[in-house]
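I have placed the structure first, in the form of structure tokens, so that the comments after it can refer back to it.
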Amino acid sequence: MPGLKLEIFIACLLGALLAGFGAGWMVNGWRLSGDVEKLNGIVETQKQSLETFEGANKRCTASVADVKGAVKAIADDATARAKAAAEAMARAEAGGKAHLEAAKAALNRPMPAAGKECDAIVREAVDYATKRKGGK
């Protein structure tokens, strides 16, 4: 009989261990399933945030491309205006030199003879008008 009590004790002990292990396994399963549900909720939130950020990133990329195009257009326009201004300055400089030479020639011209002042003024006016129209 003493062996029987020991066998019953061992069987009860093994049963208790198995029951405790099974109960612990079940509680751990419930805990993990709660963690999985919580993580699934986080995953859904992150997916929504990612979709939002992807849309914002696409809009930002399009805006950057628009700005780069606008900056290029402004730079091209500034280059064209600088070129046009340089050409206009060259034309103005040539015209200014011609005008300066004409003024120097007028100042260095000998005085007309007495009584011929009007003829000299008329001749200068005709020469000026002819030059303005593109003549010689």
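Values in this text are rule-based calculations from the coordinates and carry no lab data. Everything numeric in this text was worked out from a predicted model, so none of it was measured. Here the Cβ positions follow ideal geometry from the backbone for every residue, glycine too, while neighbour counts run over all protein chains shown.
For first residues located in region 110-129 and over 29 Å from Gly95 (Cβ atoms), partners that are surrounded by 12 or more Cβ atoms within 10 Å (Cβ to Cβ) and not hydrophobic (A, V, I, L, M, F, W, C) and lie 6+ apart or on another chain with Cβ distances below 9 Å form the pairs Cys118/Pro112. The residues of region 113-136 that are surrounded by 10 or more Cβ atoms within 10 Å (Cβ to Cβ), closer than 22 Å to His99 by Cα and not β-branched (Val, Ile, Thr), listed by number, are Ala120, Arg123, Glu124, Ala125, Asp127, Tyr128, Ala129, Lys131. Please find, within region 113-136, the residue that is nearest to the chain's Cα centre (by Cα) out of those that are part of a loop (DSSP other than H, G, I, E, B) and of a type in the set (A, V, I, L, M). Restricting to residues being part of a loop (DSSP other than H, G, I, E, B) and of a type in the set (A, V, I, L, M), the top hit is Ala113.
Across region 2-22, a minimum of one residue is classified as aliphatic (A, V, I, L, M) and loosely packed, with under 10 Cβ neighbours inside 10 Å.
Output the residues belonging to region 83-112 that are part of a loop (DSSP other than H, G, I, E, B) and out of contact with any helix residue (DSSP H, G or I) (no Cβ under 9 Å at 6 or more places or on another chain). If you could, list the steps in order and put the result at the bottom.
First pass over region 83-112, keeping only residues part of a loop (DSSP other than H, G, I, E, B): 109-112.
Result: Pro110, single match.
Taking the stated definitions as given, is Thr45 more than 26 Å from Lys131 (Cβ to Cβ), in a helix (DSSP H, G or I), within 23 Å of the chain's Cα centre (by Cα) and without any contact (Cβ under 8 Å) to a residue 12 or more places away in the chain? It would help to see each step written out before you state the result.
Values: more than 26 Å from Lys131 (Cβ to Cβ): yes; in a helix (DSSP H, G or I): yes; within 23 Å of the chain's Cα centre (by Cα): no; without any contact (Cβ under 8 Å) to a residue 12 or more places away in the chain: yes.
Answer is no for this residue.
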